[in-house]
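Below is one structure, written out as structure tokens, with a few remarks after it.
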Amino acid sequence: MGTRSEELFQRAVKRIPGGVNSPVRAYGSVEETPRFIQGAAGSYIFDADGRKYIDYICSWGPMILGHNDERIKDSVIRACENGLSYGCATEIEVEMAEFICERVPHIEMIRMVNSGTEAVMSAVRAARGFTGKDKIIKFAGCYHGHSDAMLVSAGSGVMTSGVSDSAGVPRGCTQDTLQAVYNDLESVKNLMEAYDGQVAAIIVEPVGANMGVVPPRFGFLEGLRKLCDDHRAVLIFDEVITGFRLGFTGAAGYYRVRPDLVTYGKIIGAGLPVGAYGGRREIMEMVAPVGKVYQAGTLSGNPIAMAAGLTQLKILYEHPEIYDHLVQSGERLYGGIEKLIIRYELPLRINHVESLGCLFFTEEKVEDYESAKKADTGAFSRYFTYMLNHGVHLAPSQFEAMFLSDAHTSEDIDTTLELAEKFFRQRESL
Ligand code: KE4
């Protein structure tokens, strides 16, 4: 008799491509049956067989307060009392926009959409409309969602899907997407000069988190800012992961580099489908209906999703101690792994920024896509399986981030470290 997850997966693959509604959930790069989750609370998730896991996916970032937070759930239930969707403007959309714009200095105007992909697609279009230029510079290993133009050496699931980019994307959709090397300003300068006067924008994950976690080298983001100023290009920070995680003002505030546009997802929706893009008023006023850049969405600013997202943002803003806890938890977890690497002389690297981190199965420094790809995905798979079977749910890919929430306790982290130590002591498994 198989497990409930196995049974559900067997049914799922018959009717859903790969049995999942997003590729990374299929555990394609690890030797495990994907766990079908039936519930969650705080730092824990529970699978269809009732097994409990300490969860480091946190829905890929949105559950920064922990799963099933009562305050957010209550706001959703209250919002449902009035109705689910109107296709008309609502007060809470105004509240959400004002709340963000009044607290994030580089966001003068903002538009709600339904996913990070949509946010990026729209921000890129706004940048092209604003500058009248076509070329976009992205970085190998950075993932900006699955819009055609962004599927060039993308990170995240693309890295593990064995697909270098994607079938079904005509050359015409990617011919204006230029690819630079993360943390290598020279590679960006060369493109800017080669395509002088043609580059509409540089889009960057201010902390790479889709090739595993790769922090920006000192001066990298500042260098991008200067290159955009010198070449009249728009600097887009894709903060779908880092937004409202690295403090309320995200990576822009953390690194003190001002982007022209920012894209959001995940935390802004608290687990409901919300994305957003915003920034300089003169760029955002290019967007329909006030400007000539068309973008629309039936469920954009949906009142239920706004209730969840705005509640989460208010809690984060009104309780800055949450960010202190996230930093301390990050130091405990990733610092603890660092100590194990040193104690057991392990051929591993840990990269992290506050509550975001990634354990790379390589002994070389990981600072870009090429160095990340050197990681031993087989060893990672064995580690993933060991941790999963001992009650710790990591991202099922070497090229994803670990996410901490305010709900993770010291006990959760110490349990995780004890299990990791047991795995590493069986050194031959590396
Ligand atoms: P969504 O369309 O999945 O909401 O957001 C796309 C996106 C854009 N930008 C960044 C920096 C992102 O990390 C993402 C999505 N992140 C992945 C996890 N690495 C989502 C997980 C999935 O694809 O299922």
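The values are calculated or read from the model by the stated rules, or taken from the named source; none is laboratory data. Remember, predicted model here, so these are calculated numbers, not experimental data. FYI the Cβ positions are ideal-geometry reconstructions off the backbone, even for glycines, and counts take in every protein chain you see. Surface accessibility is based on the protein's heavy atoms, side chains included, excluding ligands, DNA and RNA. Shrake-Rupley method; radii C 1.70, N 1.55, O 1.52, S 1.80 Å.
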### Query
Mind checking which residues of segment 168-192 are in a helix (DSSP H, G or I) and touching a residue at least 40 places away in the same chain (Cβ under 8 Å)?
Leu185, Val188, Leu191, Met192
### Task
Examine segment 369-391 for a residue that is hydrophobic (A, V, I, L, M, F, W, C) and open to solvent by 20 Å² or more (accessible area, probe 1.4 Å), and state whether such a residue exists.
no
### Summary
Glu31: passes all of (1) more than 27 Å from Leu326 (Cα to Cα); (2) at pLDDT 95 or above but (2)
### Task
Check whether at least one residue in segment 125-135 is under 27 Å from Ser397 (Cβ atoms), part of a loop (DSSP other than H, G, I, E, B) and touching a strand residue (DSSP E or B) at 6+ places or on another chain (Cβ under 9 Å), and report yes or no.
no
### Task
Considering every residue within segment 317-334, establish whether at least one is part of a loop (DSSP other than H, G, I, E, B) and among the aliphatic types (A, V, I, L, M).
no
### Query
Looking at segment 39-117, what strands (runs of 3 or more DSSP E) fall wholly within it and have at least 1 residues that are within 30 Å of Met150 (Cα to Cα)?
52-55, 109-113
### Selection count, segment 22-41, where residues are open to solvent by less than 50 Å² (accessible area, probe 1.4 Å), within 14 Å of the ligand (Cβ to nearest atom) and more than 13 Å from Ala395 (Cα to Cα)
1
### Task
Return only the number of the condition from (1) within 16 Å of the ligand (Cβ to nearest atom); (2) within 18 Å of Gly278 (Cβ to Cβ); (3) surrounded by fewer than 21 Cβ atoms within 10 Å (Cβ to Cβ) that His146 does not satisfy.
(2)
